[in-house]
Amino acid sequence: MDSFDDFNSFSMPNRNVIRVFSAVIEEVSRDRNTTFVTIAYNDCIGCARSSGSVRLVVNQDTAIFDERGRNIRAGELRRGMMVDAGFSSAMTRSIPPQAQAFFIRIVRRANQTITTTGRIIEVNTRNNYILILRNQNPASAIRFNISSGTTISDLFGRRIGLSSLRPGFRVRVEHATFMTASIPPQTTAFTVQVIR
């Protein structure tokens, strides 16, 4: 296939395919001829849960398209991009699960990151996220998904784990410029710095 015209019409006979929409690339790593792309998603067809993350195995068999539907290389995928993807329903039991990617299409590129400051009201180590309030209004809550690529630092700049964060900590979060339309909105945290 030379171009990508319709995400929903992309067919792969005899394969069980999971489709995700507007997922955020959290991490991109490479090992020889294979690229690993970890994505966080909220809109999924064929998933056991409506939201989650998966580490996609991207190789020469994976069809990758830019916003205009042109074929591109895996090396052009970057953290913070929003993508639609199709991958195998046969996944490893690792955290996050790993699956063969059949196709990836860039929906939006990450132009930049932005920074949000607020107070942590919830730390969820099971589902890897923190919930912060930007001010006293409960409507100001944002859920920041934490990936293996997220850097978390204490007040002195030393790296710490998610489990070291506590409700009440004031943090500065560098994150993607776009958020989901969910309540509360969600986005991927690239760095979390405790500031008080």
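Summary table below
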read-out: Count of residues meeting criterion [in contact with a His (Cβ under 7 Å, 6 or more places away or on another chain) and open to solvent by 20 Å² or more (accessible area, probe 1.4 Å)] in the stretch 180-196; value: 0
read-out: Members of the stretch 144-158 that are part of a strand (DSSP E or B), farther than 18 Å from Asp43 by Cα and modelled with pLDDT of 90 or more; value: Ile152, Ser153
read-out: In the stretch 124-140, residue nearest to the chain's Cα centre (by Cα) [restricted to those that are farther than 30 Å from Ile64 by Cα and surrounded by 17 or more Cβ atoms within 10 Å (Cβ to Cβ)]; value: Ile130
read-out: The lone exception for Arg49 - which of (1) at pLDDT 90 or above; (2) open to solvent by 60 Å² or more (accessible area, probe 1.4 Å); (3) under 19 Å from Ile146 (Cα atoms) it fails; value: (1)
read-out: Subset of the stretch 62-79 [at positive phi and either assigned to a strand (DSSP E or B) or of a type in the set (D, E, K, R) (or both)]; value: none
read-out: Residue check for Ile95: aliphatic (A, V, I, L, M), touching a residue at least 60 places away in the same chain (Cβ under 8 Å) and more than 18 Å from Asp43 (Cα to Cα); value: no
read-out: Test: residue in the stretch 169-179 that is without any contact (Cβ under 8 Å) to a residue 12 or more places away in the chain and open to solvent by 80 Å² or more (accessible area, probe 1.4 Å); value: no
read-out: Subset of the stretch 80-107 (residues that are within 18 Å of Gly149 (Cα to Cα), open to solvent by less than 60 Å² (accessible area, probe 1.4 Å) and part of a loop (DSSP other than H, G, I, E, B)); value: Gly80, Met81, Ser94, Pro96, Pro97
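The values are calculated or read from the model by the stated rules, or taken from the named source; none is laboratory data. Remember, it's a predicted structure, so these values are computed and weren't measured experimentally. Positions of Cβ are generated from backbone atoms using ideal geometry, with glycine treated the same way; all protein chains shown enter the neighbour counts. Heads up: the accessible areas ignore ligands, DNA and RNA and are worked out on the full protein's heavy atoms, side chains in. Shrake-Rupley method; radii C 1.70, N 1.55, O 1.52, S 1.80 Å.
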